[in-house]
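Below is one structure, written out as structure tokens, with a few remarks after it.
The values are calculated or read from the model by the stated rules, or taken from the named source; none is laboratory data. On a predicted model such as this, the values are computed, not experimentally measured, just so you know. No Cβ is skipped: glycine too gets one built from the backbone with ideal geometry, and neighbour counts run over all protein chains shown. Areas reflect the complete protein model, heavy atoms only, side chains present, ligands, DNA and RNA absent. Shrake-Rupley method; radii C 1.70, N 1.55, O 1.52, S 1.80 Å.
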Amino acid sequence: MYFSKSLIPILKNNPSEAKIKSHQLMLRTGMIKQSSAGIYSWLPLGFKVMKKIEQIVREEQDRIGAQEILMPTIQSSEIWKESGRYEDYGEEMLRIKDRQNRELLYGPTNEELITEIFRSSIKSYKSLPQLMYHIQWKFRDELRPRFGVMRCREFYMKDAYSFDLTDEDAQHSYNKFFLSYLKTFKRLDLSAIPMAADTGPIGGNLSHEFVIIADTGESKVYTDRRIFDVNNDEVALDKKSLMDLRKEYNKYYAVTDEKFNQNEFDINVTSENKLETKGIEVGHIFYFGDKYSKPMNASVDFNGSKEFVKMGSYGVGVSRLVGAIIEAKYDEKNEIMKWPLAISPFHCAILPQINKNDKTNLEKALNIHEHLKSKNIDTIIDDTDESISSKMKKFNLIGVPFQIIIGKKSEDDLVEFKEIGKDATKTKIEEIYKIIINKL
Ligand code: ATP
Ligand code: MG
């Protein structure tokens with residue numbers, strides 16, 4: 001990719017309308033462009049990052065045996081009337097009428113639609129459990145859309161749904177998603193803590209929000225600091241049975257605002273372990289039994305008796321995660337964005353100093369570019385005539401993890417190489433290839 005031909009509209013300064021660093025950086029590096037309040041276009045840089053996050057989310061859903069489907073964004077009001085939520089959902093739901101005057105809506109979530117799919121497809125308990133997910137745009141007419149992709153009206157969500165015969169089986173499905181979320185956020189290099197949460201308009205009585213601690217978060221959380229050690233324990237994820245893993249987390253107090261109780265907090269947490277802070281909700285899982293299956297008549301045959309299936313739903317804010325990762329990783333003071341390698345918009349940037357009458361640096365850069373491309377290393381070459389220092393500044397802001405600088409003093413196969421945030425060292429080109437391939 002050539003910078004001169006890319007759609008990466010970098011701004012010189014932070015736009016004044018952006019109040020938090022993720023929103024500032026996303027506008028400044030041209031990752032997104034607002035099209036109307038709380039509705040954004042995703043430009044190449046932002047779109048690439050979001051797609052990489054989406055892929056990690058997908059792989060971890062596939063790993064627990066969830067089946068990917070795709071439901072539409074537009075839904076009929078009929079099924080929402082069956083569940084009783086057409087009235088209940090309130091003003092966040094965008095209601096639409098078609099030319100036949102039929103009531104439609106832009107889906108804010110998909111419990112009804114998936115239940116409808118389930119009830120018309122699955123008849124026997126022998127087909128259970130069924131775990132399905134899709135990754136699709138949602139619309140919620142938020143009263144105060146703000147902070148860029150953090151709270152928009154149109155946003156990209158992974159939502160999964162589980163169907164089981166018994167409460168016990170359903171808990172097992174819940175625990176599978178619980179584990180899969182821990183793994184997903186770990187791969188994104190995030191520390192997202194599961195906190196006991198309220199179920200809101202989705203309903204039910206068992207629920208966890210996965211929260212990243214951040215000053216700019218909109219969720220208030222109360223926790224025992226020791227839960228961070230559980231979260232950092234890699235071994236626990238692989239070795240413990242699902243129930244043991246849940247128990248491990250249950251040992252420590254960790255709740256969102258709605259579940260907070262001062263008395264419980266005081267009894268369960270010593271003052272030095274108490275943490276009252278703010279966080280960003282990046283995922284939310286719910287168990288709600290037959291809340292939808294009963295009114296919508298979604299049942300299976302179990303040895304001649306009709307059993308309403310027990311359901312759960314599981315959301316990840318894929319587009320919100322882009323902003324959340326910036327909040328967690330952006331070094332605002334030095335203007336350096338440290339994307340985890342797995343989701344960085346490019347792996348490597350080649351920054352040649354280009355002189356009017358001497359094309360040697362550009363040619364050298366092109367050769368390196370070709371080689372990296374042949375190794376599937378996602379590379380951008382800055383072929384503009386800006387100065388090296390302004391190129392370096394730009395790619396620190398964009399957050400490209402590996403940078404190859406071809407300046408005045410570059411001898412034949414020796415160039416400046418740096419990992420973002422570190423100093424550059426003169427390195428042989430062959431050596432650079434090895435380092436990058438090793439880290440990918
Ligand atoms: P919030 O409390 O932040 O409004 P919610 O509890 O209404 O979110 P859920 O129904 O649990 O959201 O949706 C699942 C996930 O989708 C959330 O954990 C969050 O990451 C994401 N999400 C929800 N609303 C928005 C929004 N307006 N903009 C971006 N992402 C969102
Ligand atoms: Mg939620």
statement: Mean-square fluctuation maximum in Gaussian network of the chain, Cα pairs under 10 Å, restricted to Lys422, Lys310, Lys158, hits Lys422
- request: Compute the signed sum of charges (Lys and Arg +1, Asp and Glu -1) over the other residues within less than 11 Å, Cβ to Cβ, of Asp378.
  value: +4
task: Once you've got the GNM for the chain with C-alpha springs shorter than 10 Å, pick whichever of Ala328, Ala170, Ala236 has the biggest mean-square fluctuation.
output: Ala236
field: Positive dipole terminus of the chain, leading residue within His23, Gly38, Thr360 (C-beta point charges)
entry: Thr360
message: Once neighbouring chains are kept in place and the probe is 1.4 Å, which whole percent of the accessible area of the chain is contributed by carbon and sulfur?
response: 48 percent
query: Taking amide H positions as placed 1.01 Å from N in the peptide plane, with prolines and chain starts having none, which residues 5 or more places from Leu43, or on another chain, fall under 5 Å of its amide H?
result: Ile32, Lys33
message: With viscosity set to 1.306 mPa s at 10 °C, what whole-number translational diffusion coefficient in µm²/s follows for the chain from Stokes-Einstein and a Kirkwood radius over Cα pairs?
response: 66 µm²/s
query: So how tilted is helix 167-187 from the main axis of the chain? Cα-based, degrees 0 to 90, rounded to 10.
result: 10 degrees
task: Please work out whether segment 1-99 counts as rounded, prolate or oblate from its C-alpha gyration tensor, where a ≥ b ≥ c are the square roots of the eigenvalues and a/c under 1.5 means rounded, while otherwise a/b larger than b/c means prolate and anything else oblate?
output: oblate
statement: In debye to the nearest 20, the charge dipole size for segment 346-439, taken about the Cα centre with +1 at each Lys and Arg Cβ and -1 at each Asp and Glu Cβ, equals 220 debye
- request: Specify the inter-centroid distance of segment 322-343 and segment 53-104, based on alpha-carbon positions, in whole Å.
  value: 31 Å
field: Accessible area (Å², per residue) of the chain, counting only protein heavy atoms and a probe of 1.4 Å
entry: 46 Å²
query: Say R0 is 56 Å: what FRET efficiency, to the nearest 0.05, do Lys356 and Ile96 get from their beta-carbon distance?
result: 0.45
- prompt: So what is the calculated 222 nm ellipticity per residue for the chain, using -39500 (n - 2.57) for each DSSP H run with n of 4 or more, over all residues, to the nearest 500 deg cm²/dmol?
  reply: -10000 deg cm²/dmol
task: Taking the Cα centre of the chain as origin, work out the dipole magnitude from +1 charges on Lys and Arg Cβ and -1 charges on Asp and Glu Cβ, in debye rounded to 20.
output: 1080 debye
task: Could you grab the Rg to Rh ratio for segment 346-439? Cα atoms only, Kirkwood for Rh.
output: 0.92
- request: Quote the relative contact order of segment 3-331 in percent (integer), defining contacts as alpha-carbon pairs under 8 Å separated by 6+ residues.
  value: 21 percent
For peptides 279-285, 428-434, 185-191, sequence by mean Cβ density within 10 Å, most packed first: 279-285, 185-191, 428-434
query: For segment 3-331, with the dipole built from +1 on Lys and Arg beta-carbon atoms and -1 on Asp and Glu ones, taken about the Cα centre, which of Gly312, Gly217, Phe260 lies farthest toward the positive end?
result: Gly217
